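What follows is one structure encoded as C-alpha cells, with my remarks underneath.
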Amino acid sequence: KVTMAPDANKLRQRKALAADEVKAADAATVERVSTLKSIQPHEVAIDGVIYDISEFNHPGGESIKVFGGNDVTIQYKMIHPYHTSKHLEKMKRVGVVPDYACDYKFDTPFEKEMKQEVFKIVRRGKEFGTWGWHVRALFYTTAMFYLHYLWVFHGSSVWLAIAYGISQSLIGLNVQHDANHGASSKNHIINDIYGLGADFIGGSKWLWMEQHWQHHTYTNDIDKDPDALSAEPFMLFHNYPLGHPARKWWQRFQAFFYMLVLSGYWLSSVFNPEILDLKQSGAGNVGLQMESDYLKDRRKYAIAMRVYYIVTNAVVPFFYHHDNPLTAFGHVMLMGVAESLFLAVLFSLSHNFTVAERDPTKEAKESGEPVCWFKAQVETSCTYGGFVSGCVTGGLNFQIEHHLFPRMSSAWYPYIAPKVREICKKHGVHYEFYPYVWQNWFSTMRYMNAAGTGAWWKNGLGGNPLRGDL
C-alpha cells in the first residue's frame, strides 16, 4: 500500500490547473488575429505567424530588429537557406495573420537542386568570408583610411580626390556589402564592425539595410522594390507602359544623362535628411515599417558618424584652401563624383539590361499561383566577368549568385557560378551572362533608352516589352 503525501491531491490539482492555464494561454495566442499592418515594432511575421523578437537572442546579432513591425517571410528564407520550421520555435509566438498570402513560393524542384548542388561546393558553416576575402577587405580598408588621413591632415588635391573617392567606393562594394548581409563572418560583431564601413563612405549601415534587403526580397517588383523607383522622376529604371503617370518628357533622353544623374549619388546620400530618423524613404514608399526601438536607439550613432564624415570630408578642405574656396569645392565634388560613378554605375548594371524580368510576379497576379522566388532572382539579375572582376566589385559582378545566396560571402561566387549556370540550363531558367563588363554596360544603356522612350511598347510585335523580347 502506497501512502500519499498529505498535499498530494492539492499538488496534482495545481499541476492540472497550470496545464489548463498554459492551454488557455496558447489558445489566447492563436486567437489573436491580426493583419500585417497591425504588427508591432517589436514583432515580425513569418508565414502568417507573428513572433515577438524583443527578447530573442538572435545568433546573427540585433540587426534583425531593423525589420521589426514587418512581414519578413522572404527575408528570413533567403538569409537562412538551411532553416526549417524547427528553428522558428526558438522565437515567442504571439499571434497569426489568417489571410496571409505570398506571391512567391519556396522549396521548388529548381530551388532544391540548386541548394543541394551548391552546398556540395560550399559546406554548411563555411559560407562566410575566406582568408583571402579578409585580406582583401583589410587592404581596401587600410588604403581608404590612409587616403582619409592625407585628405584631413595634408590637404586635398585633384589626384587625391579621385583616389580617395574610388577607395570609398571599394569599401562600399567589397567590405560593408558582405558585412551587412551577415556574410563576412559567422561572428556578428565582425559583421557589425565591417558594416559601419557604409557610414565611413557617406552612407548609413541602417538606411542601407532597410533599402537593400527590401530590394533583395522583391527584386524588380515595381510595387515593392525601392531600387526600381530610386531614380524617379529624373530617370526610369522601370519600363512603364506608355501614358503611365510616372513618365516625363525628359526621360526620353535619359540615356544621354544617365551617367550625370548617377554621378550625384554621393551628394544625395551624404546630405540626405533621412539620417535624422533612419527611415529610408524608398523602403517606406513600398510599405516597410521603420518604427522599432532598435532603430530609434541607433539614430544618435548614425547622426554622430554623419557629422564626422561631413566635417572631415566636406569641410576640412576649405581650411586648406581658404584663399580659394572654389578649389576646395571642386576637390570635394570630384571626390564625390569618383565614388558615385564607381559605385552607382556598377550597381545599376545588375538588374537593368535588355532581357531583365521587370514583372517577376506577373503570373501570380494573373493566376493566383505563387512563382518560384529562386527563378525570379535569376531572371531579374545578370552576371558578368569572373574572378578578377569579383576582386574589384566585391563579387557583385556575380549578381545572380549573390541574389540566390545573399548570406554567402562573395569570395565563393566564382566557385559556384558554373554549377548555378548548369542547373539553370537544366530547369529552363534564363541565366544572363556577359563575358565583359562593357557588354553589360551597353545592354544597360540600350535598356535605359528603351525604358525612357517607351520604344518597346511602341514597337510591340507580340513579345513582352517588360523583357525586351520583341
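The values are calculated or read from the model by the stated rules, or taken from the named source; none is laboratory data. Since the model is a prediction, treat every value here as computed from it, not as a measurement. Every residue, glycine among them, receives a Cβ derived from its backbone with ideal geometry; neighbour counts consider all protein chains shown. Just so you know, the surface numbers come from the protein's heavy atoms only, side chains and all, with ligands and any DNA or RNA stripped out. Shrake-Rupley method; radii C 1.70, N 1.55, O 1.52, S 1.80 Å.
So here's what we get for this one:
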{"quantity": "Among residues of the stretch 242-292, those that are open to solvent by 40 Å² or more (accessible area, probe 1.4 Å), in contact with a Ser or Thr (Cβ under 8 Å, 6 or more places away or on another chain) and of a type in the set (A, V, I, L, M), counted", "calculated": "1"}
{"quantity": "Residue match in the stretch 358-369 (condition: touching a Phe, Trp or Tyr at 6+ places or on another chain (Cβ under 7 Å), surrounded by 19 or more Cβ atoms within 10 Å (Cβ to Cβ) and not small (Gly, Ala, Ser))", "calculated": "no"}
{"quantity": "Test for Val332: is it within 18 Å of Lys224 (Cα to Cα), touching a helix residue (DSSP H, G or I) at 6+ places or on another chain (Cβ under 9 Å) and open to solvent by less than 40 Å² (accessible area, probe 1.4 Å)", "calculated": "no"}
{"quantity": "Some residue of the stretch 380-403 being open to solvent by 10 Å² or more (accessible area, probe 1.4 Å), modelled with pLDDT of 95 or more, of a type in the set (Gly, Ala, Ser) and under 29 Å from Asp103 (Cβ atoms)", "calculated": "no"}
{"quantity": "Filtered residue count, the stretch 7-62, keeping only those that are in contact with a Lys or Arg (Cβ under 8 Å, 6 or more places away or on another chain) and either at pLDDT below 50 or among the β-branched types (Val, Ile, Thr) (or both)", "calculated": "4"}
{"quantity": "Residues (crowded, with 22+ Cβ neighbours inside 10 Å and not polar (S, T, N, Q)) located in the stretch 151-172", "calculated": "Trp151, Ala161, Tyr164, Gly165, Leu170, Ile171, Gly172"}
{"quantity": "Failed criterion for Ile201 (all others in (1) closer than 25 Å to Leu147 by Cβ; (2) touching a Gly at 6+ places or on another chain (Cβ under 7 Å); (3) surrounded by fewer than 19 Cβ atoms within 10 Å (Cβ to Cβ) hold)", "calculated": "(3)"}
{"quantity": "Flag if Ile162 is in contact (Cβ under 8 Å) with a residue 60 or more places away in the chain and within 30 Å of Ala328 (Cβ to Cβ)", "calculated": "yes"}
{"quantity": "Hits in the stretch 33-51 (condition: on the phi > 0 side of the Ramachandran plot and under 22 Å from the mean Cα position of the chain (by Cα))", "calculated": "Asp47"}
{"quantity": "Residue list for the stretch 353-394, filter: within 17 Å of Trp412 (Cβ to Cβ) and free of Cβ contacts under 8 Å to residues at least 24 places away in the same chain", "calculated": "Val388"}
{"quantity": "Selected residue [out of contact with any Leu (no Cβ under 9 Å at 6 or more places or on another chain), modelled with pLDDT under 95 and open to solvent by 20 Å² or more (accessible area, probe 1.4 Å)] from Glu117, Glu113, Glu89", "calculated": "Glu89"}
{"quantity": "Flag for Leu173 being within 14 Å of Ala344 (Cα to Cα), of a type in the set (A, V, I, L, M, F, W, C) and within 14 Å of the chain's Cα centre (by Cα)", "calculated": "yes"}
